[in-house]
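Before any comments, here is the structure.
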Amino acid sequence: MSEVKPNCGQGKLIGPWKDADRVDRYACLYEPKSTGANRKLPMIVYLHPSLFSAGWITQTNILDLQDSVSLSDDPKNVGYIVLAPEGRKTTHYYPFPDNKGVGWDNWYRQLNPTGDVKIGDTTWRENADAAAIDHFIAAEVATGNVDTARIYVSGWSNGAAMGYLYTVNRPNIAAAAVYSGPDPFGAFDDLCRQRPVAGPPENSQQIQIFNPAARTMHIHTACDIGGICPNDEQLASELNAAGVVVDDVILDNHHRRVYSCTDSCGTDPKAPDKSTATTMGSLIGLGNHTRWPKEWTTTMLDFFKHHPLKTPP
């Protein structure tokens, strides 16, 4: 495991902060041009794809809308903060070439919001990436600039998977809207697939989540890399069973909404390394996966607007 220092472009670099593994962690902060005195703003926490950095947010249009969209009940209260934590270089249980490199660890699923958990003589440390996200959110909240009823999570690919895992375990997160994330509870080469449940797990095949009241939107394409579409349908079904509300949005190759996956792009919900997709389906899926659906960003932002925390902290 090793640190990654992102290029934040027009944003502000925050850090370093050492995680429990003594790895320096960083984040990028993007503020709207007009913040206003004593005005608390909603905040979007954006998690980047694996193999890319926090600065990859420029490949979306989240920052382009930062000074023109209101995420509150007041349409005149325009603007939102964007916090983009940086992942770290580590091993992934994804197919080559994404089996190692910068990204997020959604395979070690100890995300209890209280932190480390001791069972018997063993202390299970909190997921280091979740702890880093916790830290940078807390640091920005401490400035007094954040509307704590409107902290949201977005992400792309591996960042979407981590965003989902983080959101369903953090009661301070109002909602998540992500793009094209593999199931963080089981996809590809994951040897420890688990089913999310709202209460204590009955066995090791289950994992407790601590924010089953989460409101989430998952946008993904009918033809996605590695058979992710049926894998995402599995995720939606399992989260719904645990009480999590999932707005599952499937898009065609032109980003128009459809209601089923494309069989030629994979049919196995486990999204195996050796995909059931055809060669053409794999190529189309790769192209779709690496293109943010900019036409749908306003829909994601509108989802945030209508889903603040029901009980503000």
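The values are calculated or read from the model by the stated rules, or taken from the named source; none is laboratory data. Just so it is clear, the structure is predicted and the values come from calculations on it, not from any experiment. A quick note on method: Cβ atoms are made from the backbone with ideal geometry, for glycine too, and the neighbour counts reach across all protein chains shown. Please note that ligands, DNA and RNA were not included when accessible areas were found on the heavy atoms of the full protein model with its side chains. Shrake-Rupley method; radii C 1.70, N 1.55, O 1.52, S 1.80 Å.
With only Cα atoms counted, the range 195-246 has Rg and Dmax values of 12.2, 35 Å.
Across the options 79, 119, 148, the greatest Cα extent toward the positive end of the charge dipole of the range 47-169 (unit charges at beta carbon of Lys, Arg, Asp, Glu) belongs to 119.
Rounded to the nearest 20, the size of the Cβ-charge dipole of the chain about its Cα centre is 600 debye, with Lys and Arg at +1 and Asp and Glu at -1. Note on residue 64 and residue 295: their simple-model spin labels are 1.4 nm apart, each label 7 Å out from Cα toward Cβ. Is the chain rounded, prolate or oblate when judged by the Cα gyration tensor, a ≥ b ≥ c being the square roots of its eigenvalues, rounded requiring a/c under 1.5 and prolate requiring a/b larger than b/c? Because its axes are fairly even, with a/c under 1.5, the chain counts as rounded.
Extents of the range 1-63, taken as max minus min of Cα coordinates on every principal axis and listed largest first, are 40, 26, 17 Å. Taking the Cα centre of the range 1-74 as reference, the dipole from Cβ charges on Lys and Arg (+1) and Asp and Glu (-1) amounts to some 240 debye.
Considering only 242, 213, 139, the Gaussian network model of the chain with Cα springs below 10 Å gives its largest mean-square fluctuation to 139. Here, the range 215-313 has an Rg and a Dmax of 14.6, 50 Å when only alpha carbons are counted.
Taking 4.7 Å between beta carbons as the limit, the unpaired Cys residues of the chain are 192. Straight-line cross-link partners of residue 100 among the lysines, defined as a Cα under 23 Å from its Cα and at least 8 positions apart when in the same chain: 5, 18, 89, 270, 274.
Residues whose amide H lies under 5 Å from that of residue 175, counting only those 5 or more places away or on a different chain, are 153; hydrogens are built 1.01 Å from N in the peptide plane. Where the alpha-carbon atoms of the range 44-163 are placed on the principal axes, they occupy 53, 36, 19 Å, in descending order. Each of 230, 139, 20 was scored by the projection of its Cα onto the charge dipole of the chain, and the greatest displacement toward the positive side belongs to 139; charges sit on the C-beta of Lys, Arg, Asp and Glu.
Contact order for the chain, expressed relative to its length and based on alpha carbon pairs under 8 Å spaced 6+ residues apart, stands at 16 percent. Entry for the range 160-250 at q = 0.23 Å⁻¹: log10 I(q)/I(0) = -1.18, Debye formula applied to identical alpha-carbon scatterers, no solvent contribution. Rolling a 1.4 Å probe across the protein heavy atoms gives the range 171-312 an accessible surface of 44 Å² per residue.
Annotation: aspartates and glutamates with alpha-carbon distance below 20 angstrom to residue 310 (same-chain offsets under eight excluded): 73, 74, 147, 247, 302. Restricting the range 268-312 to trypsin sites (Lys or Arg not before Pro) that sit in a DSSP loop and have at most 11 other Cβ atoms within 10 Å of their own Cβ leaves 274, 310.
Tell me whether the range 112-217 comes out rounded, prolate or oblate; compute the Cα gyration tensor, take square roots of the eigenvalues as a ≥ b ≥ c, and use a/c under 1.5 as the rounded threshold. Cα axes put the range 112-217 in the oblate bin.
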